[in-house]
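Working notes, beginning with the structure itself.
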Amino acid sequence: MAGRILPLWPSTWPKELDPYRKQAKTIGVAHGIQETVYEIRFNSRDEFEKAWPHILKLKSPGAPLILERSPATYNRSGTKSEAGVLILCPSGGTVRFPDGRELKADTPWPKSATLPGGELPEYVVAQDGKWVPFDGKERSHIQHRARIDVVLITDGQIVDLNSTPLPENIPIIDRRFPKAEQAWGKAVEGIQVRLTPDKRLWNEGEDPSFKIIAKPKDNVANESGAPNQSVEDVAVKPRQILTPDVSPRE
């Protein structure tokens, strides 16, 4: 089942997060995927920015930072969140084998559970009496979360990426703006164009780069009768540095 409310988060977490326990929620997920979701909501920007450096300490080495736009729903647990964070953690459960052996779904993870680079995968499965990374294909085994991921839910007010420092040199998965929202511009002489950023976030001093994508309006057939295709021009760098949009504002 999913949505089982648990009372506490780990005692090993930074003590600086203790003031936010009353506004947090812990949900156990157990429906083919087993993990624990810790949701922390914040009531002010000051409150969030005090907690943010300590929240980052919880993330597994090499794990990505995931960005979502408020309100966001985590599909594993059905949790709907406003401004704040979701911390996705191992369940701490146990897998028992007929011969009496047990595997604990929690740290420390054995070497068999890690990827070739030594980092943890998002999920592992119990196979031949040991933890191994889930390969994304064989779904007959229960998937157990191994990696601790942090999901940052932005609203542009309490959680505002204009004022929130993001860690450097870590992968960022940006789910705030679906591709469907990247609208085409008005057609000029039968051609529509849109500008797509190579990524959503840049470090200070780094020049943003974009792709220009052009296509005939309504993608009509050309003189040969074949449908026209979109054309991309890569690495377009504007003279003026554009600040990437971070979150919608009221």
Test of understanding: among 35, 68, 39, 47, which residue is buried (at least 16 other Cβ atoms within 10 Å of the Cβ), touching a residue at least 12 places away in the same chain (Cβ under 8 Å) and touching a Gly at 6+ places or on another chain (Cβ under 7 Å)? 39
Tally time: how many residues in segment 85-128 are among the acidic types (Asp, Glu) and surrounded by fewer than 17 Cβ atoms within 10 Å (Cβ to Cβ)? 4
Would you check if there is a residue in segment 94-108 being in contact (Cβ under 8 Å) with a residue 24 or more places away in the chain and of a type in the set (S, T, N, Q)? no
Counting just the residues of segment 119-138 that are part of a loop (DSSP other than H, G, I, E, B) and touching a residue at least 24 places away in the same chain (Cβ under 8 Å), which one comes out farthest from residue 59 (Cα to Cα)? 129
Over segment 83-98, the set of residues part of a loop (DSSP other than H, G, I, E, B) and on the phi > 0 side of the Ramachandran plot is 92
List pairs: first residue in segment 8-30 and without any contact (Cβ under 8 Å) to a residue 24 or more places away in the chain, second residue surrounded by 12 or more Cβ atoms within 10 Å (Cβ to Cβ) and of a type in the set (Val, Ile, Thr) anywhere in the structure, Cβ distance under 8 angstrom, at least six positions apart or on different chains. 8/26; 23/40; 24/40; 26/36; 26/37
Which residues, taken from segment 55-64, are more than 19 Å from residue 114 (Cβ to Cβ) and either loosely packed, with under 15 Cβ neighbours inside 10 Å or under 13 Å from the mean Cα position of the chain (by Cα) (or both)? 57
Identify, please: which residue in segment 72-84 is surrounded by fewer than 17 Cβ atoms within 10 Å (Cβ to Cβ) and touching a residue at least 12 places away in the same chain (Cβ under 8 Å) and is, among those, nearest to residue 142 (Cα to Cα)? 78
Here the residues within segment 16-32 that are in a helix (DSSP H, G or I), buried (at least 16 other Cβ atoms within 10 Å of the Cβ) and not aromatic (Phe, Trp, Tyr) are 17
Counting only residues that are among the charged types (D, E, K, R) and not in a loop (DSSP other than H, G, I, E, B), which one in segment 164-182 is modelled with the highest pLDDT? 174
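This table checks each residue for (1) out of contact with any Lys or Arg (no Cβ under 6 Å at 6 or more places or on another chain); (2) at pLDDT below 90.
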{"site": "112", "(1), (2)": "no, no"}
{"site": "119", "(1), (2)": "yes, no"}
{"site": "134", "(1), (2)": "yes, no"}
{"site": "140", "(1), (2)": "yes, yes"}
{"site": "151", "(1), (2)": "yes, no"}
{"site": "162", "(1), (2)": "yes, yes"}
So, of the residues in segment 47-82 that are basic (Lys, Arg) and part of a strand (DSSP E or B), which turns out to be farthest from residue 13 (Cα to Cα)? 69
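The values are calculated or read from the model by the stated rules, or taken from the named source; none is laboratory data. This is a predicted model, so every value here is computed, not measured. Heads up, the Cβs are rebuilt from the backbone with ideal geometry, glycines too, and the neighbour counts pull from every protein chain shown.
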